[in-house]
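Here the structure is laid out as structure tokens; the discussion comes afterwards.
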Amino acid sequence: MIRYGVPNKLRQDAWWLEPAGLSRGAARVKTPAANWPLLGALVLGIALADFLFWKGGASLALILFVQGVTALALWLYGQWVTNKTAALYAGVSILSALPWFVHIQPSAFLFLLLGHLAIIGHAMTGRWDGFALRFLTAWLPLSFWASICGGIETIQISRQTRISKSGLKDLFLPLSALLIFGLLFALANPIIETQIEALLRFELPEWLILRGLFWGIFGFILLPVLWANRFANWTGWKVTLPIGLANPLTQRTITSTLLVCNLIFALQMGLDISILFAGATLPEGMSYAEYAHRGAYPLAATAMLALGFMLLAHGHARTSKTIRVLLFIWIAQNAMLLGAAGYRLALYIDVYGLTYMRLYGGVGMIWVAIALALMILLLMSTLPRVRMIQALALIAVSTIYGFSLVNVAQVIAAQNLKMAVAKADPDWLDRRYLCGLMPHGVEALNQHIAQTGDDPLADLYWSKPRHMKNWRGWSLRTMKIKAATARYKQL
């Protein structure tokens with residue numbers, strides 16, 4: 001049998017061909033190096049959190065903290081940052097921080113967090129899409145995983161670190177001086193002696209325990225953000241549907257479903273028209289207000305579900321004229337259904353006034369109406385479905401962003417007070433609900449008192465504006481509410 005290659009005996013005796021510094025049989029193990037930039041950024045982030053949040057507020061301080069951490073991340077991933085991208089990052093940072101600057105609320109916090117995570121993701125990958133949401137949903141497990149990886153690498157580095165004899169000689173004198181003079185000062189100063197005795201008994205002061213826990217929590221939160229390049233492969237995750245689930249609906253299924261839905265919607269629309277406009281009688285004991293309340297939100301939810309089915313059926317509408325016609329008919333019926341829902345909601349508001357739920361319900365109906373208009377545009381053009389979904393998502397995010405900048409309580413209070421004046425009925429106004437809108441709606445109350453001279457909350461107590469301990473807890477709306485409350489007391 002013929003064998004090719006270097007004979008085993010000669011290969012085993014060729015140890016002298018190895019590079020200098022490697023002895024015979026030595027394993028080529030790559031020694032991990034300490035990530036000093038990451039460690040420095042982590043220490044700076046914890047120090048910034050200590051300065052801003054320890055016995056401080058969480059309004060303006062949170063904006064400065066998030067922007068500071070983002071700057072540290074950009075420093076770590078600086079290869080993507082140019083003058084042009086730096087200006088873009090500054091604009092995104094300001095826009096995402098603006099809602100939190102105006103008022104502290106959950107939606108503003110999400111804008112602040114997602115905007116700066118998007119900046120970090122773009123600096124690391126060169127793309128805007130995907131990273132912020134994926135990182136936000138997996139932040140907690142990533143914190144544990146980053147802590148484990150960091151601990152393992154620290155142990156490996158410490159095991160492979162060797163201190164020479166000369167290094168030990170250099171450390172001998174300063175350590176001896178620390179020990180000798182420390183003992184002498186402890187004997188001379190009873191405060192130092194007490195602290196040393198407490199440390200020897202592991203009795204740490206309470207402030208140090210709490211502050212150490214505070215540092216540990218923020219280090220746990222910041223580590224995956226500053227070490228995100230360690231999980232670069234994770235940021236490229238893609239979700240793909242199996243081939244069997246990509247288009248599960250056939251033309252026959254869609255056609256029969258559209259026929260059934262059109263018939264059901266036509267029946268519902270006929271009943272609504274007969275009751276709301278033709279004067280048909282309601283069931284015994286049911287008022288128009290109750291009828292409007294029971295129908296407004298379910299009809300809006302029905303239109304949203306119908307919109308989802310339209311998106312599924314859109315692919316077959318391009319190849320089947322029947323499906324296309326049925327979809328146009330169904331869109332028209334959904335538009336009429338949405339109009340009936342809006343009319344019911346208007347009736348209910350006219351009887352009982354405006355609330356958060358009714359206002360958001362009306363905005364949701366407007367969003368569904370825009371979606372139906374986009375659906376018509378989609379059927380009449382060659383645009384893919386994903387463009388419509390992106391447009392609807394952009395409209396929804398823009399709406400939420402706009403609401404985070406608006407004092408909704410003041411809008412509701414102003415509308416209810418205006419309707420109360422128009423109705424000239426002192427018992428119509430829900431004074432307790434109006435009181436619950438305070439102090440955010442106090443400016444609307446001031447305008448009402450200035451115009452009519454009547455204070456509907458004169459005998460009711462409402463909470464005081466939020467107290468700001470220092471500049472860290474400052475927000476624009478808090479400042480305005482305090483000023484409006486001071487004017488209310490003067491009226």
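Scoring 259-272, 335-348 by mean Cβ neighbours within 10 Å over their residues and listing the highest first yields 335-348, 259-272.
Hull surface divided by four, with the convex hull built on the Cα atoms of segment 371-491: how many nm²?
Taking a quarter of the hull surface, the average projection is 11.5 nm².
Each of Ile180 and Ala87 was given a label point 7 Å from its Cα along the Cα-to-Cβ line. The distance between the two points is 6.4 nm. At full extension, Ile94 and Phe328 could sit 80.0 nm farther apart than now, given 0.36 nm per residue minus the alpha carbon distance.
Peptides 317-326, 301-310: what's the order by average Cβ count within 10 Å, highest mean first? Numbers along the way, then the final one.
On the way: 317-326: 15.0, 301-310: 16.5.
Descending mean neighbour count gives 301-310, 317-326.
Shape index of segment 312-438: Rg/Rh, with Rg the Cα radius of gyration and Rh the Kirkwood radius from the inverse mean 1/r over Cα pairs, equals 1.12. Between segment 443-491 and segment 348-369, the alpha-carbon centres lie 26 Å apart. Calculated on the Cα set of segment 346-414, radius of gyration then Dmax: 15.3, 46 Å.
Between Trp471 and Val43, what's the calculated FRET efficiency when r is the beta-carbon distance and R0 is 25 Å? Round to 0.05. Walk me through the intermediate numbers first.
Details: r = 24 Å, r/R0 = 0.98.
That pair, Trp471 with Val43, gives E of 0.55.
Both the radius of gyration and Dmax for segment 295-372 are 14.5, 49 Å, in that order, over alpha-carbon atoms.
Please quote Rg/Rh for segment 90-132 to two decimal places, taking the Kirkwood radius as Rh and restricting both calculations to Cα atoms. Show your work: numbers first, answer last.
Details: Rg = 10.6 Å, Rh = 10.4 Å.
That ratio is 1.02, to two decimals.
Bear in mind these aren't lab numbers, they're just calculated from the coordinates by the rules spelled out. Note that this is a predicted model, so its numbers are computed, not measured. Note that we place each Cβ from the backbone using ideal geometry, even for glycine, and neighbour counts take in every protein chain shown.
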